[in-house]
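Notes follow once the structure below has been shown.
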Amino acid sequence: MNPLSVAAVAFAMSTDAFAAAIAKGAALQRPTWREALRTGAIFGAIEAITPLVGWLIGSVAAKYASAWDHWIAFTLLAGLGAWMIWAGLRAGESPVDARPERHSFWILALTGLATSIDALAVGVGLAFVEVEIGWVAAAIGLATFVMVTVGVMLGRVLGAIAGKRAEIVGGLLLIGIGAAILVEHLGATP
C-alpha cells in the first residue's frame, strides 16, 4: 500500500468514531481539551488495535467478521444511544449543569469498540495482501485520535446549543450511526 492509500484507509476508519465523538462531546458539560485528548487517546488506541487483531485472525474469521460486524456495531451503538436518551430524559427535571464533566473510561471504550468493528474487518482483509500492518494500524489510530479530539470539541459547541437535551441528541446520533452502518452493510452486494 502506498502512503496515499494508507491515509485514505485511516481517514475512512476514523469517520464513525468522529461522529460518535461529536455525540459524546455534546453530552458533556463543556468538555475541556484534556477530556477531548483523553477521549481521542482511548478511541485511537482501540482503533489501532482492532486491525492488528483482525490481521492476526486472518482468513479464519473473515467470513464471520464480515457476516456479523455490522450487527455487532449496530447493537452496541443502539444500546449506548438508548442509554444516553434514557439518561437525558431522566435528567430533564434537573438543571443543565447536571450533565457530566467527563465520560467513564468503560463507556468511551465500549463506544470506541463499537465504531472500530469495521477496522477489525479491514485488518482481516489486509491479511491477504502484502502490507505492513503496523504502519496501517498506527495511521488508523493517529487519524482516529485527531478526528475524535476535534469531534469532542465540536460536540462542545453543539452541546452548548442543545443545552440539557444534548445527551438525547447524542443518543439519537449514536443510534443513527449504528443504523447507517447496518443499512450500508445490508445493502451491499455479497
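Observations, loosely collected:
- Scanning the range 20-34 for residues that are surrounded by fewer than 21 Cβ atoms within 10 Å (Cβ to Cβ) and in a helix (DSSP H, G or I) turns up TRP33, ARG34.
- The range 104-129 residues that are more than 18 Å from MET147 (Cα to Cα), paired with ones that are at pLDDT below 80 and not in a helix (DSSP H, G or I) (beta carbon under 8 Å, 6 or more apart): VAL124/ALA61; VAL129/MET1
- Within the range 170-190, restricting attention to residues that are surrounded by 22 or more Cβ atoms within 10 Å (Cβ to Cβ) and of a type in the set (A, V, I, L, M), the residue that is modelled with the lowest pLDDT is LEU174.
- Counting residues in the range 46-63 that are at pLDDT below 75, of a type in the set (S, T, N, Q), over 26 Å from VAL169 (Cβ atoms) and assigned to a helix (DSSP H, G or I) gives one or more.
- Some residue of the range 148-169 being part of a helix (DSSP H, G or I), closer than 14 Å to MET84 by Cα, in contact with a helix residue (DSSP H, G or I) (Cβ under 6 Å, 6 or more places away or on another chain) and at pLDDT 75 or above: yes
- Residue in the range 109-161 that is nearest to ALA41 (Cα to Cα), counting only those that are in contact with a Lys or Arg (Cβ under 8 Å, 6 or more places away or on another chain) and surrounded by fewer than 23 Cβ atoms within 10 Å (Cβ to Cβ): ARG156
- Those residues of the range 97-126 which are closer than 20 Å to ALA36 by Cβ and either among the β-branched types (Val, Ile, Thr) or modelled with pLDDT under 75 (or both), in sequence order: ASP97, ARG99, PRO100, GLU101, ILE107, THR111, THR115
The values are calculated or read from the model by the stated rules, or taken from the named source; none is laboratory data. On a predicted model such as this, the values are computed, not experimentally measured, just so you know. Using ideal geometry, Cβ is built from the backbone for each residue, glycine included, and neighbour counts are taken over all protein chains shown.
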